[in-house]
Amino acid sequence: MVTKRQISAFLICCALAVAQCGIAFADNYQTIENSSPQDVVDGMATKAGRGLANIAAGWLELPKQIYTTSKEDGVAKGVLLGPLKGLGMTLVRTVSGVGELMTFFIAFPGFYDPYFDPAYVWQKE
């Protein structure tokens, strides 16, 4: 019979193994400390440009979501749910664009990565 103590010991060992894997692959992540100044400036420019693009083109989520929902779930759902999804995604994309533009000088999240995927409205999900 397996006891609580054995289960706890097993879970702790699994957690330690996962933590070790994270440490082993930590060198693969790009940070400001291990990047050239050109990489940092490129990351900042990309993040600022992405923010401007999402502010300017965020409204395109409305027709995109109508089309996508119609294609995936049928025309009836596309007409009824597509505008609601589009309105929500328009707000999300525009607000994330404002956030990226206001924080383009900060290497967050990751190394100037987009807040969510796809990074631009015209990219496939």
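The values are calculated or read from the model by the stated rules, or taken from the named source; none is laboratory data. Given the structure is predicted, the values throughout are model-derived calculations rather than measurements. Here the Cβ is made from the backbone with ideal geometry for all residues, glycine too, and neighbour counts use every protein chain on show.
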Hits in the range 97-125 - residues which are surrounded by 19 or more Cβ atoms within 10 Å (Cβ to Cβ), in a helix (DSSP H, G or I) and of a type outside the set (Gly, Ala, Ser): 100
Suppose we keep only residues that are of a type outside the set (A, V, I, L, M, F, W, C) and surrounded by fewer than 16 Cβ atoms within 10 Å (Cβ to Cβ) within the range 36-53. Which one would you say is nearest to the chain's Cα centre (by Cα)? 49
Search result, residues across the range 88-125 that are at pLDDT below 90 and among the aliphatic types (A, V, I, L, M): 107
Do the conditions hold for residue 48, that is, is it in contact with a Phe, Trp or Tyr (Cβ under 6 Å, 6 or more places away or on another chain) and at pLDDT 95 or above? yes
Name every residue in the range 86-96 that is surrounded by fewer than 17 Cβ atoms within 10 Å (Cβ to Cβ) and under 26 Å from residue 32 (Cβ atoms), in order of residue number. 95
Give the residue that is modelled with the highest pLDDT, with candidates limited to residues of the range 30-42 that are outside any helix (DSSP H, G or I) and farther than 20 Å from residue 114 by Cβ. 36
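Yes or no, residue by residue, for (1) without any contact (Cβ under 8 Å) to a residue 60 or more places away in the chain; (2) in contact with a Ser or Thr (Cβ under 7 Å, 6 or more places away or on another chain); (3) among the small types (Gly, Ala, Ser):
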position: 83; (1), (2), (3): yes, no, no
position: 86; (1), (2), (3): yes, no, yes
position: 117; (1), (2), (3): yes, no, no
position: 120; (1), (2), (3): no, no, no
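Condition check ((1) in a helix (DSSP H, G or I); (2) among the acidic types (Asp, Glu); (3) within 21 Å of residue 108 (Cα to Cα)) across all residues:
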site: 44; (1), (2), (3): yes, no, yes
site: 48; (1), (2), (3): yes, no, yes
site: 51; (1), (2), (3): yes, no, yes
site: 60; (1), (2), (3): yes, no, no
site: 63; (1), (2), (3): yes, no, no
site: 69; (1), (2), (3): yes, no, no
site: 72; (1), (2), (3): yes, yes, no
site: 84; (1), (2), (3): yes, no, no
site: 95; (1), (2), (3): yes, no, yes
Has the range 62-85 got any residue that is buried (at least 17 other Cβ atoms within 10 Å of the Cβ) and under 30 Å from residue 37 (Cα atoms)? no
With (1) within 30 Å of residue 106 (Cα to Cα); (2) charged (D, E, K, R); (3) modelled with pLDDT of 70 or more as the list, and residue 27 as the residue in question, which single condition is left unmet? (3)
